[in-house]
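A short worksheet on the structure shown next.
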Amino acid sequence: MTTTWADFQQAEPDLAATVRERFGKYTHHVLATLRKDGSPRLTGLEAKFPLDELVLTMMPDSRKAQDLLRDPRFSLLANPGGGAEMGGGDVRVSGRAIEATDQETLDRFAKAIGAPLPFHLFRLDLTEVVRTTVENDELVVRTWHPGRPVRTIRRT
């Protein structure tokens, strides 16, 4: 079963709003994929919410697209911004990226983001969403997994 952004948003609307806001503050974020040899690859990426869905778009045959086509596991870290204050917290979404290949879907998203085809379009099957903040003197980690409520861990 696939867990979409809409599923996450319905299950945890407050956390979803915070995560979306963090991704919206900056254009570029950091995508982690797995190379052919299994080692990690970190690359910059724009994360977008066209048609109210978090998707990943990439140039044809880019290394990160090749990684995801071979092994769909990913983690996407929102740009934390300048300095060490992490204004709004640090957020990350992880899961599996599923390439959309049907022309109707590609055309709809191309129009929504204003980008010409061809490009790789990956829809996300979310397996984890994490927000980390500093509140007073505590590190607060909120974690969500499909089918479970948000779990909060506080560390001093």
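The values are calculated or read from the model by the stated rules, or taken from the named source; none is laboratory data. Please read these numbers as outputs of a predicted model, since none were measured by experiment. Every residue, glycine among them, receives a Cβ derived from its backbone with ideal geometry; neighbour counts consider all protein chains shown. Please note that ligands, DNA and RNA were not included when accessible areas were found on the heavy atoms of the full protein model with its side chains. Shrake-Rupley method; radii C 1.70, N 1.55, O 1.52, S 1.80 Å.
At-a-glance table
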{"item": "Selection from the range 19-33 of residues that are crowded, with 16+ Cβ neighbours inside 10 Å and in contact with a strand residue (DSSP E or B) (Cβ under 6 Å, 6 or more places away or on another chain)", "result": "Val19, Arg22, Phe23, His29, Val30, Leu31, Ala32, Thr33"}
{"item": "Hey, Glu53 in contact with a helix residue (DSSP H, G or I) (Cβ under 6 Å, 6 or more places away or on another chain), surrounded by 14 or more Cβ atoms within 10 Å (Cβ to Cβ) and acidic (Asp, Glu) or not", "result": "yes"}
{"item": "Test result for Val91, part of a strand (DSSP E or B) and touching a Leu at 6+ places or on another chain (Cβ under 8 Å)", "result": "yes"}
{"item": "Subset of the range 61-71 [open to solvent by 30 Å² or more (accessible area, probe 1.4 Å), assigned to a loop (DSSP other than H, G, I, E, B) and closer than 17 Å to Phe119 by Cβ]", "result": "Asp61"}
{"item": "Within the range 31-67, considering residues that are among the charged types (D, E, K, R) and out of contact with any Ser or Thr (no Cβ under 9 Å at 6 or more places or on another chain), the one farthest from Pro13 (Cα to Cα)", "result": "Asp37"}
{"item": "Residue in the range 35-43 that is of a type in the set (Val, Ile, Thr) and either closer than 23 Å to Asp107 by Cα or in contact with a His (Cβ under 8 Å, 6 or more places away or on another chain) (or both) present", "result": "no"}
{"item": "Any chance Gly81 is free of Cβ contacts under 8 Å to residues at least 12 places away in the same chain, more than 19 Å from Trp5 (Cβ to Cβ) and not polar (S, T, N, Q)", "result": "no"}
{"item": "Residue tally, condition touching a residue at least 40 places away in the same chain (Cβ under 8 Å) and either of a type outside the set (Ser, Thr, Tyr) or assigned to a strand (DSSP E or B) (or both), over the range 17-50", "result": "14"}
{"item": "Complete set of residues in the range 94-113 that are touching a residue at least 24 places away in the same chain (Cβ under 8 Å), touching a Leu at 6+ places or on another chain (Cβ under 8 Å) and not in a strand (DSSP E or B)", "result": "Arg108, Phe109, Ala112"}
{"item": "Check on Ala78, buried (at least 17 other Cβ atoms within 10 Å of the Cβ) and over 21 Å from Glu12 (Cα atoms)", "result": "no"}
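Residues are listed down the side, and each one gets a yes or a no for (1) of a type outside the set (D, E, K, R); (2) more than 16 Å from Leu31 (Cα to Cα); (3) at pLDDT 95 or above:
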site	(1), (2), (3)
Thr57	yes, no, yes
Arg73	no, no, yes
Val93	yes, no, yes
Arg96	no, no, yes
Lys111	no, yes, yes
Glu135	no, yes, no
Arg142	no, yes, yes
Arg151	no, yes, yes
